Amino acid sequence: MGFSGAPGTTALGPLTGNLDRAAQRLSEQARAYASDRPVLPTFELLATRATSAPGPDGKYRSRAGDEVVRRYLAAARRAGGVLLLGIQPGRADFLEEVRYYRKWLTEPDVGLALDPEWAVGPSQVPGQTFGSTSGQELEAVADYAAGLVREHNLPQKPLVYHQLAPGIVRDEQLLTPHPGLALIKSVDGIGSPALKTDTWKQLTSTKPPYVAAGFKLFYEEDTSGGGRLMSPEEVLGLRPEPSYVLYE
């Protein structure tokens, strides 16, 4: 179970500011999900963040520096958890961004979370249109990450890909199983419990059988306009049951 976030803003999730305090809040939230399976605290740091400005190289993204990743990883370790590096590539390629964090991905407790909603084309601007990716692009990232696991004799590494709506991930079946990787599709639908459940059913129906299901909740967006957050009991009642639950 995880929290998302980035330094300097609460808009991207509760994982910001005092990270030990955020870890305590995560631990409290996770108690509601306790079952016969242990709950692994997961810090999903938005490492590469899509931007509305092109930046020096015109890629419409900014990258977290080593000091930021180091601080988040240290906090995740103090919490007994893992760190996922979130990637919103803008006009860059997912694989290009993943390779940038190679030295961190050779750590045993660092995985990946890809956010294709923010992967836009060469004439598009993040936030003005939905981005997308393909199973072929996911497969390239998975192949690279699995290679690092083999090369460095690492434990299994999570590779999450988020999907907000249909069409954001194409040809999903081209993503194949990889030894050393735990593949997870996180369904990120926003809105009422009924809307989120409908999105869940629609997007999990296209999930390859070897990809685990994940579910994302939004403390602010899901409750705007007088709405309510789905309860842990409702989340655990989804079928297939989510293996990964993320709060933003």
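The values are calculated or read from the model by the stated rules, or taken from the named source; none is laboratory data. As the structure is a computational prediction, the values presented were derived from the model and not from experiment. Cβ: placed from backbone, ideal geometry, glycine included. Neighbour counts: every protein chain shown.
Determine which single condition GLY180 fails, assuming it passes every other condition in (1) surrounded by 20 or more Cβ atoms within 10 Å (Cβ to Cβ); (2) in contact with a helix residue (DSSP H, G or I) (Cβ under 8 Å, 6 or more places away or on another chain).
Looking at each condition in turn, GLY180 falls short on (1).
What number goes with the only condition from (1) surrounded by 22 or more Cβ atoms within 10 Å (Cβ to Cβ); (2) over 27 Å from GLU117 (Cα atoms); (3) among the hydroxyl-bearing types (Ser, Thr, Tyr) that SER35 does not pass?
Here SER35 clears every test but (1).
Among the residues of segment 120-137, what is the count of those that are free of Cβ contacts under 8 Å to residues at least 40 places away in the same chain and either assigned to a strand (DSSP E or B) or over 20 Å from ASP57 (Cβ atoms) (or both)?
5
Please indicate, with yes or no, whether at least one residue in segment 66-79 is under 15 Å from the mean Cα position of the chain (by Cα) and either surrounded by fewer than 23 Cβ atoms within 10 Å (Cβ to Cβ) or at pLDDT below 95 (or both).
Within segment 66-79 (the criterion being under 15 Å from the mean Cα position of the chain (by Cα) and either surrounded by fewer than 23 Cβ atoms within 10 Å (Cβ to Cβ) or at pLDDT below 95 (or both)), the answer is no, since none of the residues qualifies.
Here are some residues: LYS185, LYS201. Which one is within 18 Å of the chain's Cα centre (by Cα) and either assigned to a strand (DSSP E or B) or basic (Lys, Arg) (or both)?
Matching residue, one of LYS185, LYS201: LYS185.
Which one of the conditions (1) buried (at least 17 other Cβ atoms within 10 Å of the Cβ); (2) hydroxyl-bearing (Ser, Thr, Tyr); (3) closer than 24 Å to LEU236 by Cα does THR48 fail to meet, given that it meets all the rest?
Evaluating THR48 over (1) buried (at least 17 other Cβ atoms within 10 Å of the Cβ); (2) hydroxyl-bearing (Ser, Thr, Tyr); (3) closer than 24 Å to LEU236 by Cα leaves (3) as the failure.
Filter segment 97-119 down to residues that are in a loop (DSSP other than H, G, I, E, B) and touching a helix residue (DSSP H, G or I) at 6+ places or on another chain (Cβ under 6 Å), then give me how many there are.
Here the count works out to 1.
Please work out if GLY147 is part of a helix (DSSP H, G or I), out of contact with any helix residue (DSSP H, G or I) (no Cβ under 6 Å at 6 or more places or on another chain) and small (Gly, Ala, Ser).
yes
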